[in-house]
1. Averaging over every viewing direction, what projected area does the convex hull of the Cα atoms of the range 1-77 cover, in nm²?
2. Output the relative contact order of the chain, whole-number percent, from Cα pairs under 8 angstrom with separation of 6+ residues.
3. Give me the three principal axis extents of the range 125-194 from the C-alpha atoms, as integers in angstrom, largest value leading.
4. Putting +1 on Lys and Arg Cβ atoms and -1 on Asp and Glu Cβ atoms, find which of PRO128, PHE172, ALA42 reaches farthest to the positive end of the dipole of the chain.
5. Probe of 1.4 angstrom, ligands and nucleic acids ignored: what's the accessible area per residue over the range 1-53, in square angstrom?
6. Of all the Cα-Cα pairs you can form in the range 68-202, what percent are over 24 Å apart?
7. Return the whole-Å distance between the Cα centroid of the range 1-69 and the Cα centroid of the range 124-179.
8. Note the angle between two axes, namely the Cα long axis of helix 45-55 and the longest principal axis of the Cα atoms of the chain, as a number of degrees from 0 to 90, rounded to the nearest 10.
Amino acid sequence: MPKPKPKHYFHQDNLPQSMAFLRAGGVLAYPSESVWGLGCDASDEQALQRIVTLKQRDLGKGLIVLTDQAKRLKSALSDELIERLQSIGAKHMLQQGRASTWLVPMPTKVINPLLMGDFGTLAVRITPHPILANICQHLVSDANPYGFLVSTSCNPSGQNPATSLQEAYDYFGEEVGYLDVQSLGFKQPSQIIDLMTGKVFR
């Protein structure tokens, strides 16, 4: 842990505080399935802008989001696509030991354009991380019906993603909060797949 402890520091025992921090517009660094991620409530315009500024990120690149279960997307996707998300994603994770991020067609009127960037799809991962899934569940609201938690890599653009709390703190200091829990230990970043065509991009 960085010394002194970050001002906004959360552990597994105080998850309600980390969720309140996100709902209040905070930007949170956290371990994901592999490397650390940097996230916020995906419906919060100011928090999204802060992430883009902190990372010095090209607005056209869009941002990955997490949610806890495929059926959260039932208002936007057909039953067939929901089933594909559930079955193929689980199969890929078991076979390859990595999570799957899906490029999903989403109605632009219900999500912030910053999330999609210059693309016609949204990058969505049904996270297998139980703590992050719990956070997504608690982010569900009228403004965020899908429970989307932003999950861009925890680093300024052009730098290597953080793999520890210390590395995340070295990048962003007191500008963000920190969730100090275990990653899932996956050695590879998530696989990126177009939901409609099955084409693999990474």
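1. 7.0 nm²
2. 37 percent
3. The Cα atoms of the range 125-194 stretch 35, 30, 23 Å along the principal axes, largest first.
4. PRO128
5. Accessible surface, normalised per residue, equals 46 Å².
6. 33 percent
7. 4 Å
8. Approximately 70 degrees, to the nearest ten.
The values are calculated or read from the model by the stated rules, or taken from the named source; none is laboratory data. All values derive from a computational prediction rather than experimental measurement. Neighbour counts run over all protein chains shown; Cβ positions are idealised from the backbone, glycine included. The area values use the complete protein model at the heavy-atom level, side chains included, leaving out ligands, DNA and RNA. Shrake-Rupley method; radii C 1.70, N 1.55, O 1.52, S 1.80 Å.
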